[in-house]
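To keep things clear, I will list the structure first and then write my remarks on it.
Computed from the coordinates by the stated procedures, all read-outs in this text should not be read as laboratory data. Being a predicted model, the structure only gives us computed values, none of them experimental. Using ideal geometry, Cβ is built from the backbone for each residue, glycine included, and neighbour counts are taken over all protein chains shown.
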Amino acid sequence: MSQQPVFKQHIHKTSGSSDIAKIASFWILVFVIYMVLLTYSSITAQEIASEKGTKIMEIIFSSTKASKYFIGKITGVMMVILTQILIYLVGGAAFYLGLNQIDTFRKLFDQYRYLIQPVIGNLLNVNLLYLFLGVIIYTIVSAFSGALVAKAEDAPKAAQPAIYLGMTAFFLTFPFQSNPTGLIVKVLSYIPFFSSYFMPLRVIYHQASPLEISLSLLVLILTIGLLAWYISRIYEGLILQTDDSSFWKRLKRGLTYQN
């Protein structure tokens, strides 16, 4: 009987540690997605917007299809993002192993292993794929919005649509961080542009089955493919527009462009 209070206290501590690890994992992942998204959205949109009205684009489109040029550009960005993620993973692993050789840090890691290991496990799983695909879909939207600006001087504003969409998804996670079973979380975990934020929340809290994760990934990948295919078809019509017409007129003209 005298051992019961100790046993109950141990259970409470373990449960509390698990909750802390889950919350930490979620916020680390969300912030990484958001920061990488902001970086590559801005770079991609400004790079494409800066090409507006240049003679080099007319020369390029006379020698190759605009669709191939667009797909090549997006593929290049994908490779850069993938390389950066791999560098971070290798660098992080090397940094962790290096610190683990120092007695002070090794003792610290041993002391907080019950927190460190779950956090690493929650990051190095399917959530890493959501990070990559989430950044890709926002990058494609950034390329589209960059091609819609009126002239190269508007490049700094080109990424705003994608950034605002990313900010909306980011801030929507705040009220649901401790409610992975909520209906809104379940619905948003299947919607592209939001699933990269909300499905990892369900995965971290073990509230998503393999079938649900697979379905969410399939929808996200198909959306990326369809967006890339459609925008590549109208890319020439978007990038060659240099008039000062309204945004909606440029959008309508670009969407109805026939190559």
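Against the chain, whose longest principal axis is taken from its Cα atoms, helix 195-204 shows a tilt of about 10°. Multiplying the residue separation of Ile56 and Phe109 by 0.36 nm and subtracting their alpha-carbon distance yields 13.6 nm.
Are there trypsin sites (Lys or Arg not before Pro) in region 85-174 that DSSP marks as loop and that have at most 16 other Cβ atoms within 10 Å, and which are they? For trypsin sites (Lys or Arg not before Pro) across region 85-174 that sit outside H, G, I, E and B with at most 16 neighbouring Cβ atoms in 10 Å, the list reads Lys151.
The phi-based Karplus calculation (6.51 cos²θ - 1.76 cosθ + 1.60; θ = phi - 60°) puts the 3J(HN,Hα) values of region 105-121 at 6, 4, 5, 5, 5, 5, 5, 10, 4, 5, 9, 5, 5, x, 5, 4, x Hz, whole numbers, x for Gly and Pro.
3J(HN,Hα) along region 60-74: 4, 6, 7, 10, 8, 5, 4, 5, 5, 4, 5, 4, x, 5, 5 Hz, from the Karplus curve 6.51 cos²θ - 1.76 cosθ + 1.60 with θ = phi - 60°, whole Hz, x for Gly and Pro.
With Cα atoms defining each centre, region 168-238 and region 38-109 are spaced 21 Å apart in the structure. In this structure, Leu82 and Trp248 have a Cβ-Cβ separation that, at R0 = 45 Å, corresponds to a calculated FRET efficiency of about 0.80. Within the listed set Tyr96, Tyr205, Tyr138, the residue fluctuating most in the Gaussian network model of the chain (springs between alpha-carbon atoms under 10 angstrom) is Tyr96.
Note on Ser214 and Gln117: the model spin-label points, each 7 Å out from Cα along the C-beta direction, lie 2.9 nm apart.
Projecting the Cα atoms of Phe105, Ile74, Leu124 onto the charge dipole of the chain, computed from C-beta unit charges around the Cα centre, puts Leu124 farthest toward the positive end.
Each of Ser196, Tyr96, Ser62 was scored by the projection of its Cα onto the charge dipole of the chain, and the greatest displacement toward the positive side belongs to Ser196; charges sit on the C-beta of Lys, Arg, Asp and Glu.
Calculated from the structure at hand, Rg and Dmax of the Cα atoms in Å is found among (1) 19.8, 62; (2) 22.5, 86; (3) 17.3, 53 as (2). Backbone phi angles across region 217-232, fed through the Karplus curve with coefficients 6.51, -1.76 and 1.60 (θ = phi - 60°), yield HN-Hα couplings of 5, 4, 4, 5, 5, 4, 5, 4, x, 5, 4, 4, 5, 5, 5, 5 Hz in residue order; Gly and Pro are listed as x. Using the Cβ-Cβ distance between Lys151 and Phe176 with R0 set to 41 Å, the FRET efficiency works out to roughly 0.50. Using a Cα-Cα cut-off of under 24 Å, which lysines could be cross-linked to Lys52, ignoring same-chain neighbours fewer than 8 residues away? Qualifying lysines at Cα under 24 Å: Lys65, Lys68, Lys73, Lys151, Lys157, Lys249, Lys252.
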